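Structure record follows, encoded as structure tokens.
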Amino acid sequence: MRERRIALLGATGSIGRQALEVIAANPELSVCALASGSQPLDALATKHGVEHAQVGGDVVELLDATEPDLVLNAVVGFAGVGATLWALERGVTLALANKESLVAAGDLAMTAWKRGGGLLLPVDSEHSALHQCLEGHPPQTVDSIVLTASGGPFRNRTADELESVTVEEALAHPTWSMGPKITIDSATLANKGLELIEAHYLFGIEYERIEVVVHPTSVVHALVRFRDGATLAHLGYPDMRVPISFALTYPERRATSLPSLDFSAGLTLEFEAPDIERFQLLALARAAGERAGTYPCAFNAANEVAVAAFLDGRIRFTEIARLVEDALEAVDGGPARDLGELVEADEQARRVTERRLALA
Ligand SMILES: NC(=O)c1ccc[n+]([C@@H]2O[C@H](COP(=O)([O-])OP(=O)(O)OC[C@H]3O[C@@H](n4cnc5c(N)ncnc54)[C@H](OP(=O)(O)O)[C@@H]3O)[C@@H](O)[C@H]2O)c1
């Protein structure tokens, strides 16, 4: 493998820290740029011998200055849009953890990807799994794709019980250890909704051919059904270092020190349909995706505002879905022709949600 100079955006986060482990284990991988939102980067930059480190501000300037071979976008939220478009437009390999950017900027990102012609490698475990199951199979042979969801910590709570869950309970994910925003998204199933839209754009598959299924142990990451009746699945213990390593060393699939499945220890593979009455954000995301335009952007923006309000103790868990539903009804949702219009759509949905929050 040739040397790869990586811009690691979101270096202080859960994905960022695990990526640094993967990079340290592969001599051909090096970091040429580090970015965070507000946490200092001096210690990380010194430890990894990185000259360019940026806290806050526009990451596009950092990317222009360092010209990486690969961008690992592990920023959380809409703040990652600029970096995603930068890499796709220039044909620079993009390892994408920041699903929000593809959800919010889906159409613009697809146009930029086509123009740039580079590689877009998903880091999200389900999408990495789908990429691997789909690779080498002509699109017409694919019947449907299936995303698995752990169901989060509240899978067995009644609608009434969901009204009173605490922030601490929502932050205790049963199978994955992740940053706070995605952990709450996993508890509401908004995360699976974002992933549904992400899969639609990444693999060019219509929404009615993308299924979500609850699989509590998170061992099966995704499945692809083919037209001949066969189904391929991707299995592994839930550990993000596997899809991170896959993306950073693609197509060589370098070795990791992580264990593969041990059948003698037993394996539970159970599946059930998600309950979209209790977890409405999944249904709201699907509807926003199908309406297209900037509805997915509005879904994402309203969800970001609502999750932050829940984490701050300003609203109840169940109010997240209500706020997102209200925002989707209030915005105009027309398509964005450029980044400026997308930012406007994002801001409109945030304003609407903030206004509802102020009234709550
Ligand atoms: N964690 C997982 O297992 C996992 C799995 C699949 C997908 N993802 C996706 O990966 C992304 C990151 O998730 P995470 O769990 O790693 O989140 P996290 O632990 O909260 O980390 C987020 C990172 O983004 C940085 N950041 C925030 N705003 C920024 C800005 N304006 N400019 C530059 N950097 C900024 C943060 O910097 P500060 O520390 O300074 O705030 C931090 O380094 C999310 O989109 C998530 O959905 C995560």
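All of the numbers you see were taken from the coordinates with simple rules; none came from a lab. If you're wondering where the values come from, they're calculated on a predicted model, not measured in any experiment. Neighbour counts run over all protein chains shown; Cβ positions are idealised from the backbone, glycine included.
So if I take the centroid of the Cα atoms in region 90-113 and the same for region 328-358, what is the distance between those two points in Å?
Cα centroid to Cα centroid, the span is 19 Å.
When GLU100, GLU21 are ordered from fewest to most other Cβ atoms inside 10 Å of their Cβ, what list results? Don't skip to the end; give the middle numbers.
On the way: GLU100 29, GLU21 13.
If I rank by nearby Cβ atoms, fewest first, I get GLU21, GLU100.
Can you run phi through the Karplus equation (6.51, -1.76, 1.60; θ = phi - 60°) for region 63-78 and list ³J(HN,Hα) in whole Hz, with x for Gly and Pro?
Those phi angles translate into 5, 4, 6, 10, 6, x, 7, 8, 10, 9, 8, 10, 6, 9, x, 4 Hz.
Calculated FRET efficiency, GLU28 and LEU311, Cβ-Cβ r, R0 56 Å, to nearest 0.05?
Numbers: r = 39 Å, r/R0 = 0.69.
With a Förster radius of 56 Å, E is 0.90.
Could you tell me the ratio Rg/Rh of region 163-252? Both radii from Cα atoms, Rh via Kirkwood. All intermediate terms of the calculation are to be shown ahead of the outcome.
Details: Rg = 15.1 Å, Rh = 15.2 Å.
My calculation of the ratio gives 1.00.
Taking the chain, how many lysine pairs are there with alpha carbons less than 20 Å apart, if each pair must be eight or more places apart or span two chains? Kindly include the intermediate steps, with their values, before the conclusion.
Values: LYS99/LYS114; LYS99/LYS181; LYS99/LYS192; LYS181/LYS192.
Lysine pairs meeting the criterion: 4.
Between LEU261 and ARG322, what's the calculated FRET efficiency when r is the beta-carbon distance and R0 is 51 Å? Round to 0.05.
Rounded to the nearest 0.05, the efficiency is 0.80.
Subtract the Cα-Cα distance of ARG253 and GLU272 from 0.36 nm times their separation in residues, and report this length gain in nm to one decimal. Provide the component values of the computation, followed by the final result.
Values: separation 19, 0.36 × 19 = 6.84 nm, distance 3.16 nm.
Taking ARG253 through GLU272 to full extension adds about 3.7 nm, to one decimal.
Let me check I've understood the local charge: for GLU195, count other residues with C-beta under 9 angstrom from its C-beta, Lys and Arg +1, Asp and Glu -1. What total comes out? Don't skip to the answer; put the middle values down first.
Values: positive: LYS99, LYS192; negative: ASP124, GLU126, GLU198.
Within the 9 Å Cβ shell, the charges total -1.
If you take all C-alpha pairs in the chain, what percent of them are over 25 Å apart? Please list the in-between numbers first.
Values: 33850 of 64620 pairs.
Across the chain, Cα pairs with separations above 25 Å total 52 percent.
What ranking of THR93, THR217 emerges when the number of other C-beta atoms within 10 Å of each C-beta is taken as an exposure proxy, fewest first?
THR217, THR93
When all C-alpha to C-alpha distances in region 5-120 are sorted into bins of 5 Å, what percent of pairs does each bin hold, rounded to whole numbers?
So the P(r) values, bin by bin, are 2, 13, 25, 26, 19, 10, 4, 1.
Once you have the Cα-Cα distance between GLU344 and ARG2, take 0.36 nm times their residue separation minus that, and quote the gain in nm to one decimal.
119.0 nm
Compare the peptides 171-182, 324-335 by average per-residue count of other Cβ atoms within 10 angstrom and give them in order, highest first.
With the highest mean Cβ count within 10 Å placed first, the list reads 324-335, 171-182.
Using 0.36 nm per residue, how much length does the chain from VAL55 to MET110 gain when fully extended, once their Cα-Cα distance is taken away?
Numbers: separation 55, 0.36 × 55 = 19.80 nm, distance 2.83 nm.
Extra length from VAL55 to MET110 when fully extended: 17.0 nm.
Would you list LYS192, LYS114 from fewest to most Cβ contacts within 10 Å?
Result, fewest neighbours first: LYS114, LYS192.
If you take every DSSP beta bridge whose two residues both sit in the chain, what share of them, in percent to the nearest 5, is antiparallel?
Working: 11 of 37 bridges.
The antiparallel fraction comes to roughly 30 percent.
What's the whole-number percent of alpha carbon pairs in region 249-355 lying beyond 16 angstrom?
66 percent
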